[in-house]
Amino acid sequence: MKRWLLLALLLVMAVLRADAATTLLPNGMQCFQTAVGPVSSGSVAMYAPGTTTFKTTWQDPFQNAQNNAPIQLDANGCAIIYGVGSYRQQLWTGPVVGGRVSGNMIFDLLTADTSAGNSWFWAGTATGTINAIVLNDVGFTPTAGQNIQFQPSGQNSGPATITPYPGASPIPVVVDSAAGPASLVGNELAANNVANVVYDATANTFHLQNPLPSAAAVAVPVGGEISCAGFAAPTNFQFESGQSLLRTSFPLLWPQLSSTNTASLTSGQPKVTLTSGSTEQYAIGMAVETTGTSGGAMATTTIASIIDSSNFNVVANASGTGGANVTVWAYGIADPTHFNLPDRRGQILYGRNNMGGTAQTGLQSLNIASTTNTPNALGQNLRSGSALAGGSIQVSAAQLPTLSISASETAPGHHHSVASGAGGAAFVYSPGTGGSGIGGGVGSGSAATTDNTAASVTGSTTTTSNLGFSIVSPGQTTNWCIRVQ
């Protein structure tokens, strides 16, 4: 008895579950007719909206068997037509002839599958580029609330668009913030992660629902620098100690630390003539790579001299004549697959002297510039030539200002006098009527005795000091970090 009761209970639950999920089923076959009756043996063309490009339809709901395009209707004007998303539908009175519709067109209208407004679509891995994303969501219709999930092909480097399916118009991607929707700035998407976007029909935008936390939390672009007070670099940052990184691992960073322009080369000559860009931020010693575009080529080398805003010489001679893409690295490279980060160890950062194209005289007036280090270039080490290893400098006698002192004292039988001189002063003592004196200090001077007889004295240094004074202002050390991805 208990067994029968259990079976009966399960049967009731199954019936209830089925009843709760049932709905009216749509017709499995579509039939077309006009006021005069069925469109017997007519044809239907199904295109992507706004085009005459055929869009796939199927003969079953599981998308196993595709319809021919155009679709041939039977004698009753009917055909099985399953589709995904929106379509441009044209109905014709004649049959399909040679792969084309015939007869007269009855209507040309847009249609869409009934689930398109509420479905989630998995679009797989995106194609296109990291910022111009192309998906293959053939079911996309421009109605609000549609969700698309996909895997980006890489990290975006700035604002991005999504083309829902090939041939559609690109749609901007935004992220929501307290100030309202905003364009992407870079690194909100990443390869192998799953991105989820929701369509906003009013603004014609896709809202990214899951931007990478690192991009949302850190408003520092790739290549930007910050002071890091902690013992470890934050996520997506590295300390700057001149280390070498693999280019393929940091595809957004290395273009920030290099300058690529087109140039012309002459075989056997070291001169590089830029046909795009400028040498404004280049300096002697920077690494140079070339890839030939129309014959020009040279081995990896370094800048030997800057000629003008469009020309510079390198250490190696060109091995081919013609055009080339020339890449200059501000902080050097280890090999053709790596690049170096800046080395900020023990450095104070100065603003480049000619940012914006107009040079200031602040650093130049300190006589820091030299033939190999210039404040007008990027990543230069600027040091005074008289700096000592201990962080201090000595001042020579020639660097002292002129000192002028005048003083006298008259006493019975003798005369004291101090006279000024270049670079110092002389102290003179003249007893009685004799002309004699003792000199001290650096410089020379003259004095008069009590009998008005002139006494000439040449001064000499009595004490010296080789101690320097500090040129390091008070401060604290910190870690310098650069955002790498």
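The values are calculated or read from the model by the stated rules, or taken from the named source; none is laboratory data. Everything quoted here is computed from the prediction, not taken from an experiment. With ideal geometry, Cβ positions are generated from the backbone for all residues, glycine too; neighbour counts draw on all protein chains shown.
Descriptive notes on the structure:
- Qualifying residue in region 14-22 (condition: closer than 19 Å to Gly103 by Cβ, surrounded by 10 or more Cβ atoms within 10 Å (Cβ to Cβ) and either more than 53 Å from the chain's Cα centre (by Cα) or modelled with pLDDT of 90 or more (or both)): no
- Selection from region 310-342 of residues that are of a type in the set (Gly, Ala, Ser) and not in a strand (DSSP E or B): Ser310, Ala316, Ser319, Ala330, Gly332, Ala334
- Cβ separations smaller than 6 Å between residues 6+ apart or across chains give the following pairs from region 90-109 residues that are more than 19 Å from Asn76 (Cβ to Cβ) to residues that are aromatic (Phe, Trp, Tyr) and part of a strand (DSSP E or B): Met105/Trp92.
- Strands (runs of 3 or more DSSP E) wholly inside region 32-125 containing at least 3 residues that are more than 44 Å from the chain's Cα centre (by Cα) and more than 22 Å from Pro166 (Cα to Cα): 86-97, 100-112
- Any hit, region 289-303, residues being outside any loop (DSSP other than H, G, I, E, B) and touching a residue at least 40 places away in the same chain (Cβ under 8 Å): yes
- Pro221, sole failed condition from (1) part of a loop (DSSP other than H, G, I, E, B); (2) free of Cβ contacts under 8 Å to residues at least 24 places away in the same chain: (2)
- Residue under evaluation Ala144, criteria (1) of a type in the set (A, V, I, L, M); (2) surrounded by fewer than 18 Cβ atoms within 10 Å (Cβ to Cβ); (3) modelled with pLDDT of 95 or more, criterion not met: (3)
Results for (1) closer than 20 Å to Pro336 by Cβ; (2) not in a strand (DSSP E or B), shown as yes or no for each residue.
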{"position": "Ala232", "(1), (2)": "no, yes"}
{"position": "Leu245", "(1), (2)": "yes, no"}
{"position": "Ser264", "(1), (2)": "no, no"}
{"position": "Asp308", "(1), (2)": "no, yes"}
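- Close contacts from region 122-133, counting a first residue that is more than 13 Å from Ser157 (Cβ to Cβ) and a second that is part of a strand (DSSP E or B) and at pLDDT below 90, with Cβ to Cβ under 8 Å and a gap of 6+ residues or different chains, come to none at all.
- Put simply, of Asp137, Asp108 the only residue that is farther than 26 Å from Ala35 by Cα and acidic (Asp, Glu) is Asp137.
- Here the condition is being touching a residue at least 40 places away in the same chain (Cβ under 8 Å) and either touching an Asp or Glu at 6+ places or on another chain (Cβ under 6 Å) or small (Gly, Ala, Ser) (or both); of Ala178, Ala182, Ala191, it holds for Ala191 alone.
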